[in-house]
1. If you roll a 1.4 Å probe over the heavy atoms of the protein chains, what accessible area per residue do you get for the chain, in Å²?
2. Excluding residues fewer than 8 places away in the same chain, name every one of the lysines whose C-alpha is closer than 22 Å to that of Lys108.
3. Which percent of the accessible heavy-atom area of the range 15-161 goes to carbon and sulfur, probe 1.4 angstrom?
4. Using Cα positions and a limit of under 14 Å, work out the aspartates and glutamates in reach of Lys28, with same-chain residues fewer than 8 apart set aside.
5. Straight-line reach from Lys139: which aspartates and glutamates have Cα under 20 Å away, leaving out those fewer than 8 places along the same chain?
6. Along the Cα→Cβ direction, 7 angstrom out, place labels at Arg85 and Gln63. What is the inter-label distance in nm?
7. Going 7 Å from the Cα of Lys28 toward and past its Cβ, which residues in the range 6-21 have a backbone nitrogen under 15 Å from where you end up?
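The values are calculated or read from the model by the stated rules, or taken from the named source; none is laboratory data. Here the structure is a predicted model, which is why all the values come from computation and not from measurement. Note that we place each Cβ from the backbone using ideal geometry, even for glycine, and neighbour counts take in every protein chain shown. What goes into the accessible areas is simple: the full protein's heavy atoms, side chains included, and nothing from ligands, DNA or RNA. Shrake-Rupley method; radii C 1.70, N 1.55, O 1.52, S 1.80 Å.
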Amino acid sequence: MNLLNDFSPGLFVMQAVILLILIVLMRKFAWKPILDSLNDREDGIQNALDAAENAKKELQNLQADNERILNEARAERDGMLKEARELKTSMIATAKEEAQAEADKVIKQAQEAIKAEKKAAVADLKNQVAGISVEIAEKVVKNELADKNKQLELVSSLLKDVTLN
């Protein structure tokens with residue numbers, strides 16, 4: 001009750017006016033800058049979140065690109081290895097074919113050389129046998145014809161062998 005007795009309408013109005021002035025001043029000088037700084041901070045946070053989201057998307061894109069590039073590199077490596085294997089197989093096959101052809105050629109030449117040597121040896125042997133035969137025949141004939149009786153016997157035996165038509 002004591003409070004109502006001490007109430008002064010002039011003081012009340014004065015305090016209300018001061019309160020309104022303080023509210024207007026606070027709104028003009030403090031409230032607006034505080035709201036602006038809060039808005040700026042909110043915008044900064046939103047921009048940071050957007051930048052983080054963009055960075056995350058870029059990172060995912062880079063990872064996808066890296067994976068794609070890695071897969072392409074693996075495929076290219078596999079292709080090169082396959083091509084190298086095929087080239088190796090082809091080179092080995094070609095070398096084998098060339099070696100076989102060269103071996104066949106050398107064998108054929110050796111066989112031909114052996115045949116030629118054999119023919120030459122046979123011809124030489126025939127010549128030697130013919131020469132020896134002639135020498136033996138000369139000696140036999142010489143011995144046979146040395147005596148006159150033997151000559152007559154030979155002529156008569158040859159005449160017996162010969163028949164007249």
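1. 94 Å²
2. Here the lysines satisfying the reach criterion relative to Lys108 are Lys96, Lys118, Lys119.
3. On the way: 8210 of 13490 Å².
The C+S portion of the solvent-accessible surface of the range 15-161 is 61 percent.
4. Within the straight-line cut-off, Lys28 pairs with Asp36.
5. Leaving aside aspartates and glutamates fewer than 8 places away in the same chain, those within reach of Lys139 are Asp147, Glu153.
6. 3.3 nm
7. Only 18-21 pass the distance filter.
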